[in-house]
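The values are calculated or read from the model by the stated rules, or taken from the named source; none is laboratory data. All figures in this text were calculated on a predicted structure; none of them were measured in a lab. With ideal geometry, Cβ positions are generated from the backbone for all residues, glycine too; neighbour counts draw on all protein chains shown. Accessible surface areas use protein heavy atoms only, side chains included; no ligands, DNA or RNA. Shrake-Rupley method; radii C 1.70, N 1.55, O 1.52, S 1.80 Å.
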2 protein chains.
Amino acid sequence: MAYRHTPERQARDRAQREHVLQLALALVVEGGFASLTMQRLAKAADMATGSLYRHFAGKGELAAEVFCLASQREVEALQEVLATDGSALQRLRAGIERFARRAWDSRQLAWALIAEPVDPQVEEQRLRYREAYAELFAGVLREGEQHGEFRVSHPHLVAACMVGAISEVLVGPLSPQARAQRSEAQVEDDLQQVRSTLIHFCLGALAS
Amino acid sequence: MAYRHTPERQARDRAQREHVLQLALALVVEGGFASLTMQRLAKAADMATGSLYRHFAGKGELAAEVFCLASQREVEALQEVLATDGSALQRLRAGIERFARRAWDSRQLAWALIAEPVDPQVEEQRLRYREAYAELFAGVLREGEQHGEFRVSHPHLVAACMVGAISEVLVGPLSPQARAQRSEAQVEDDLQQVRSTLIHFCLGALAS
DNA sequence: GCAAGAAGTGAATCAGGATTCATACTTTCA
DNA sequence: TGAAAGTATGAATCCTGATTCACTTCTTGC
């Protein structure tokens, strides 16, 4: 009879897990999933590689959690703008702009979330979250339809189109190669063009 | 004074290389890039793994070539419909339909080309080809604009949006998981919905 | 037919990370 | 304080394929 799981220890454990997760996220923000290795993470957290396994069953689970952590924020940011007052069209517009803006402002992370080659467990989360973004847009599309703002026959598919269009138009400029070639000033210009194109393209079909 | 590179030998070499490439493509068509390994390919080609290296500098180069081989076909198919007579709008419509149809008809391959996690050398080609599809659409967009059919401020970006929308709306249903869950009949229905949604979505903005 | 030079072979090796585990250290509590 | 039980360590091991290379087998041109 010795050493029970005291509340303090449990709390410390949870805190440490959280801490590790944050550090892992920092690595991904910095260099994408490619730079998230167990050794590097352990070093960053100043612990032994083996200790990581007390908190996570394996690399895949860890990476998937990091992905979710980052994506959840994006979902929430999107949710926030989509839930404001205003017509469905206005809100969609604001949503698209927010999405693009956020991606543009943390390009390495956006690229990691949208397009970096990742292992299957992470890819699975990617699909889930793309679905989640689409569902948010779909919700607003349905509302707009109910209020007679426009007609959409398959909100869910239209929403997927939106997510695809947004991602694709961002991926080119976001990719590490592309980023290496353009100046900061050009990049800001690019965003403006991308933004207005996206708005026209995604919402144009609804107007008609 | 012995063993020169006779024309016959060179021809045989080229033929063998071509043959290996086709077998590699077959593996990818069958099970995606994940199932393209040097050992498996060697076995399929009935040769030693080492011999593959006489034709290809390494796995990456080989995989990239396979990707190009498959993608080139798609580009050509798209080019073909986009080059027919008719208004730009009609041709765009036909292009989108062809793209979706082809993807639907060889789902494993389409998924491998569009969304499967692949190594960097292949990812690079992926970007190039997405660019190529976009350029084809952009060409037609410019023609339509010249003929006064519609206005587009950034044909290249709009084209990227189209490619993104098409890919995304296909990726969901194309992914191995999704495919495992739906019947053949459902799948044909899905295609119809996807197709009409894509047409509306991609061309709707142009009409206005 | 034969020697020189290619091409083919495939088991062994390498590479790069994830994962394990014997060992050492901490915490708990009677 | 000390025994019991948990936690931390990190070098060693494993894993999965790609890649190599010493050796064998063909081709060619005389």
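At a glance:
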| read-out | value |
| --- | --- |
| Residues being among the aliphatic types (A, V, I, L, M), within 12 Å of DNA strand C (Cβ to nearest atom) and either surrounded by 15 or more Cβ atoms within 10 Å (Cβ to Cβ) or under 24 Å from the mean Cα position of the chain (by Cα) (or both) - total across the stretch B:1-23 | 2 |
| Odd one out for B:Glu168, checked against (1) over 22 Å from B:Gln193 (Cα atoms); (2) within 13 Å of another protein chain (Cβ to nearest Cβ) | (1) |
| Sole exception among (1) within 8 Å of DNA strand D (Cβ to nearest atom); (2) surrounded by 15 or more Cβ atoms within 10 Å (Cβ to Cβ); (3) not small (Gly, Ala, Ser) for B:Glu65, by number | (1) |
| The listed residue being outside any helix (DSSP H, G or I), more than 15 Å from the chain's Cα centre (by Cα) and of a type in the set (Gly, Ala, Ser), out of B:Gly139, B:Gly148 | B:Gly148 |
| Residue list for the stretch B:5-60, restricted to those being within 9 Å of DNA strand D (Cβ to nearest atom), aliphatic (A, V, I, L, M) and more than 14 Å from chain A (Cβ to nearest Cβ) | B:Leu36, B:Met38, B:Leu41, B:Ala42, B:Ala48, B:Leu52, B:Ala57 |
| Options B:Ala44, B:Ala57: the member that is open to solvent by 80 Å² or more (accessible area, probe 1.4 Å), within 29 Å of A:Val118 (Cβ to Cβ) and either modelled with pLDDT of 95 or more or more than 7 Å from DNA strand C (Cβ to nearest atom) (or both) | B:Ala57 |
| The stretch A:24-37, subset open to solvent by 20 Å² or more (accessible area, probe 1.4 Å) and touching a Ser or Thr at 6+ places or on another chain (Cβ under 9 Å), residue farthest from DNA strand C (Cβ to nearest atom) | A:Val29 |
| Residue check for A:Arg130: closer than 17 Å to A:Ser71 by Cβ, within 12 Å of chain B (Cβ to nearest Cβ) and either modelled with pLDDT of 90 or more or buried (at least 17 other Cβ atoms within 10 Å of the Cβ) (or both) | yes |
| Check on A:Ala180, more than 21 Å from the chain's Cα centre (by Cα), among the small types (Gly, Ala, Ser), more than 7 Å from chain B (Cβ to nearest Cβ) and open to solvent by 70 Å² or more (accessible area, probe 1.4 Å) | yes |
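Yes/no matrix, rows are residues, columns are (1) buried (at least 19 other Cβ atoms within 10 Å of the Cβ); (2) of a type outside the set (S, T, N, Q); (3) within 11 Å of chain B (Cβ to nearest Cβ); (4) closer than 27 Å to B:Leu191 by Cβ:
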| site | (1), (2), (3), (4) |
| --- | --- |
| A:Glu124 | no, yes, yes, yes |
| A:Glu145 | no, yes, no, yes |
| A:Gly164 | yes, yes, yes, yes |
| A:Glu188 | no, yes, no, no |
| A:Leu198 | yes, yes, yes, yes |
| A:Leu203 | yes, yes, yes, yes |
